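Taking it in order: structure first as structure tokens, then the write-up.
The values are calculated or read from the model by the stated rules, or taken from the named source; none is laboratory data. The structure displayed is predicted, hence computed values, not measured ones. No Cβ is skipped: glycine too gets one built from the backbone with ideal geometry, and neighbour counts run over all protein chains shown. Accessible surface is based on the protein model in full, side chains and every heavy atom, while ligands, DNA and RNA are left aside. Shrake-Rupley method; radii C 1.70, N 1.55, O 1.52, S 1.80 Å.
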Amino acid sequence: MLSVAGFSTQPIDVNEANLFSNKILELDLVDLGTTGCSFTWSNKRSGHTLTEQRLDRGLATESWLLLYPNTTISNMLAIGSDHHPILLNSNPSWQSGRISFKFFGPWLDHKDWRNIIAECWRRDLTGSSAYIIARKMKDIKLHLRVWNKEVYGNIKTNIDECKQHLSWLHNNYFRADRSEVVSLARKTLRDWHDIEESFWKTKSRD
């Protein structure tokens, strides 16, 4: 059974649902709504035993909404937990800046990075020592950027694409193998997060 509140083969408890809705009205609260995943909790079981619900939500008083009228709530993707994290943004117009070039630690485990650096460093250049070193360092950065895109791709882009795919599955894929397909997509996203974490660990040591 699929509804706006959950996905399950078991019927919902109408009395409990009505009790919750009436309590919201009694306290004069407003449901802030949500974007992103339709559900906030999953039992992560397979086949017909899979149950997903929107258990978590944001509620606010009218006076609070007057202070933060543009507030948004996003249900983010769960990777390891059975609950999806919820992000409340009281200033949705804020945007993060562009991520600058960083040296990716796992490059050191790849056989090609030494060749790239050696080839750039052997290049014959004329000028002062400071200019030659700066020019070669810039060449190394440019070549590593291209190589990284070919071998690893853009980590942030890959993570965003995995999130979009997982979000699409959560909201649109309701076949019998839903649990297995979602689990595989979640694992792929987790793998890319591990790569990203390794990158930042190396950067923090630097």
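Here is the figure for segment 162-202: residues that are over 20 Å from C37 (Cβ atoms) and either of a type in the set (S, T, N, Q) or in contact with a Pro (Cβ under 9 Å, 6 or more places away or on another chain) (or both) total 4. Sort out which residues of segment 50-92 are in a helix (DSSP H, G or I), in contact (Cβ under 8 Å) with a residue 12 or more places away in the chain and surrounded by 12 or more Cβ atoms within 10 Å (Cβ to Cβ), and write them in order of number. Hit for segment 50-92 is L65, nothing else.
For segment 123-146, the criterion of being surrounded by 12 or more Cβ atoms within 10 Å (Cβ to Cβ), under 18 Å from the mean Cα position of the chain (by Cα), modelled with pLDDT under 85 and part of a helix (DSSP H, G or I) is satisfied by no residue at all. Of all residue pairs spaced 6 or more apart or on separate chains, those with beta-carbon atoms under 7 Å, a first member in segment 182-201 that is closer than 20 Å to N43 by Cα and a second member that is basic (K, R) and buried (at least 16 other Cβ atoms within 10 Å of the Cβ) are L189/K163.
Those residues that are aromatic (F, W, Y), touching a helix residue (DSSP H, G or I) at 6+ places or on another chain (Cβ under 8 Å) and farther than 30 Å from R186 by Cα, I need them from segment 114-162; list them, please. Give the derivation first.
Just the residues of segment 114-162 that are aromatic (F, W, Y), to begin with: 121, 131, 147, 152.
With the extra rule that they be touching a helix residue (DSSP H, G or I) at 6+ places or on another chain (Cβ under 8 Å), the set shrinks to 121, 147, 152.
Of everything in segment 114-162, just one residue is aromatic (F, W, Y), touching a helix residue (DSSP H, G or I) at 6+ places or on another chain (Cβ under 8 Å) and farther than 30 Å from R186 by Cα, namely W121.
Of everything in segment 33-43, what is of a type in the set (A, V, I, L, M, F, W, C) and open to solvent by 40 Å² or more (accessible area, probe 1.4 Å)? Give them in sequence order. Passing the criteria: only W41.
Of all the listed residues (L184, L189), the sole one being open to solvent by 60 Å² or more (accessible area, probe 1.4 Å), over 24 Å from C120 (Cβ atoms), of a type in the set (A, V, I, L, M, F, W, C) and modelled with pLDDT of 85 or more is L184. Across segment 156-166, which residue is farthest from H84 (Cα to Cα) among those that are in contact (Cβ under 8 Å) with a residue 40 or more places away in the chain and open to solvent by 30 Å² or more (accessible area, probe 1.4 Å)? My answer is K156.
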